[in-house]
Amino acid sequence: MTVSFIRIDDRMIHGQTCTRWAKEYPCDGLVAVNDKAAQSDVLKAAYKSASGLKTFIWTNEEWQQKNQKVLDSKDRYFLITKDPLDMKKILVDQKFKPGIDTVIVGPCNDREGATKLGNNQSITQAEAEAFEAMHQAGYKIKFALLPDVSIGTWENFRSKFGFK
């Protein structure tokens, strides 16, 4: 298994990702998929400097072209997206099979049109639909800012968004 951890985090790469989560799920590098970040030299440099690990910041198109290299690698990688819509594209639409079935959801900041699930974890209806699609595809979605700070799984919240 070369993907050791799957995370959705609106900050993408930061200290908690690289220190706390790497203790729970060892990795050799990070792959972050986000079009805006991958097209900004400033954002790429900031994300790469937040990690002492090999760090790749790819667009969705680059991910589609390179994801087999991740699977074929001897190294273990975290797969990170900024939002659930991008993760749904990867796991459901593109049918990428990482070898693990748990998606950890970190910070999703409060914003207009979002429903608050817990501290620093709010999602929109469109994001809920992406979570539901991942859930229906067999993924367990766990909302956890840190390994020991979880507010529950998607099953605890899906009814708030009209899913039974």
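Could you tell me which helices of the chain pass both thresholds, a Cα extent of 24 Å or more along their own axis and a mean Kyte-Doolittle hydropathy of at least 0.5, with helices taken as whole DSSP H runs?
Flagged H segments: there are none.
Rolling a 1.4 Å sphere over the protein heavy atoms, what is the accessible area per residue of the chain, to the nearest Å²?
Spelled out: the 1.4 Å probe surface of the chain, per residue, equals 49 Å².
Please identify every one of the GluC sites (Glu not before Pro) in region 46-115 that sits in a loop by DSSP and has no more than 13 other beta carbons within 10 Å of its own beta carbon.
Values: sites: E61, E62, E112; in loops: E112.
Sparse-neighbourhood loop GluC sites (Glu not before Pro): E112.
In Å, what is the Rg of the alpha-carbon atoms in region 74-162, and how long is Dmax?
Rg, Dmax (Cα atoms, Å): 12.7, 42.
Pop out the Kirkwood hydrodynamic radius of region 5-107 from its pairwise C-alpha distances, inverse of mean 1/r, in Å to one decimal.
After inverting the pairwise mean of 1/r, the radius is 13.5 Å.
Peptides 80-93, 38-51: what's the order by average Cβ count within 10 Å, highest mean first?
80-93, 38-51
Which length gain, in nm to one decimal place, applies between K164 and D10 when the Cα-Cα distance is subtracted from 0.36 nm times their residue separation?
Working: separation 154, 0.36 × 154 = 55.44 nm, distance 2.67 nm.
Full extension from K164 to D10 adds 52.8 nm.
Of the peptides 146-152, 9-15, how do they stack up when ordered by the mean number of other Cβ atoms within 10 Å, highest first?
Packing order, densest peptide first, comes out as 9-15, 146-152.
Which three lengths, in whole Å and largest first, does region 12-68 cover when its Cα atoms are put on their principal axes?
30, 27, 14
Counting only the backbone N, which residues of region 128-156 are under 18 Å from the spot 7 Å out from the Cα of D101 toward its beta-carbon?
131-143, 153-156
The values are calculated or read from the model by the stated rules, or taken from the named source; none is laboratory data. What you see is a predicted model, and the numbers here were worked out from it, not measured in a lab. Every residue, glycine as well, gets a Cβ built from its backbone with ideal geometry; the counts of neighbours run over all protein chains shown. In case anyone asks, the SASA skips ligands and DNA or RNA and just uses the protein heavy atoms, side chains included. Shrake-Rupley method; radii C 1.70, N 1.55, O 1.52, S 1.80 Å.
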